[in-house]
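FYI, it's all coordinate maths here, none of it is from the lab. From a predicted model like this one, the values you see are computed outputs, not experimental measurements. Every residue, glycine among them, receives a Cβ derived from its backbone with ideal geometry; neighbour counts consider all protein chains shown.
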Amino acid sequence: MCDMHMNNEELDSLHSRQERLQELTDFTESCQKKLEGLFEALGWSQELNTDLMQEPMEVCPYDPNHRVPQKSMERHKAMCKLTKMGYSREEQAEMYNPTICYEKTNIPSIIIDKHAQRQIILKAKACAAPGRNEVQYSQSEYSADPPDVPQNHKHTICDLTVADRLALYDHVTREANQQRAQAQSSNNDDLYVDLVAKLKKEEEQNGPKSHLEVLAEMRDYKRRRQSYRAKNVHITKKSYTEVIREVIDVHSGELARLWQEEEREAEEESQSSRHSCHRRRSEERRSASEESWHSHTSSRDAHGSRHRRHRSRERSRDRERERESRRKRDSRSPAERHHDRKKKKKRS
């Protein structure tokens, strides 16, 4: 009985497994039919071409154990070279190609490879003195076997000596100055070229212009004319009367300023002349009083009367002189006043 019971259980498990296997088979067949319909709709083939999937492999020149696909060989070579030179992954991630900064600029750029660096350092070492002095380094301070070109500041300090770095700096500055001088001379060549003859020659070589070229020239001409016209907006938007009024205002303001300066100078001259006259009169009074004090008492009154009359005459003369000077000054034009003032300044 036990054996029959075990056989029944095995049969049940076998039937369940067969059912599951049949379900999986039906599912895979349905998926296969769907894929075939999809491939037919897209026009694809289910057969894989292994020859196309296999890319040609190349051996890395820096490490023969590296086999790399041909399309990624250049990138691998750059990374493998830096790794062999001692650069870590972090240092390589921080590196970039500086040539993109000088593509569309006029800044001179100098590229130095290992051979050029070696020649520069050895040439500077040959020109150096055997012993060190205040002007230059000695031959022993240069590298006997210059290393590869450093790719960052850390390796520049560690791999190259101070004398090596100075030699490279002098070479770069000298080459940059030469390139800049050549660029300036080439830019100045247009100053000595007959541009009219050059344009005529180009026109003759080009031949007759097409209709589109003529329309483009007319369009550029109209744009140029509008741009020239728009530069004088502060004049073109004003009438002739307004422009003349502004010119008259400017000239009248300048003349008013000149007249004020002349009146100020005339007042200063009149004040100085008054002070001098007052000083002269006080001196004359002092001398007259001294003479009258030493003279006879009987002639004191007569001399005093004569002095007063003399003084009144001088006052009247001074007033007449001032009036005449004012008349002359008012009758003169501003240009003559300005000319007289210049003469006075030159005399002083």
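Grab the eigenvalues of the alpha-carbon gyration tensor for the range 22-113, scale each by 5, take roots, and send me the semi-axes largest first in whole angstrom.
Details: eigenvalues 492, 81, 42 Å².
Over the Cα atoms of the range 22-113, the semi-axes work out to 50, 20, 15 Å.
Report, in listed order, any pair from LYS77/LYS154; LYS209/LYS238; LYS104/LYS154; LYS71/LYS123; LYS81/LYS104 with a Cα-Cα distance greater than 31 Å. Could the numbers behind the result be given before it?
Details: LYS77/LYS154 22 Å; LYS209/LYS238 41 Å; LYS104/LYS154 29 Å; LYS71/LYS123 40 Å; LYS81/LYS104 29 Å.
Violating the 31 Å Cα-Cα cut-off are LYS209/LYS238; LYS71/LYS123.
Give the long-range amide H neighbours of GLU58: residues separated by 5 or more places, or on another chain, with amide H under 5 Å away, using H modelled in the peptide plane at 1.01 Å from N.
Sorted by chain and number, the residues that satisfy this are VAL68, GLN70.
Give, as a single signed number, the net charge of other residues whose beta carbon lies under 10 Å from the beta carbon of PRO69, with Lys and Arg counted +1 and Asp and Glu -1. Intermediate results must be reported in sequence, preceding the final value.
Details: positive: ARG67, LYS71; negative: GLU55, GLU58.
The answer is 0.
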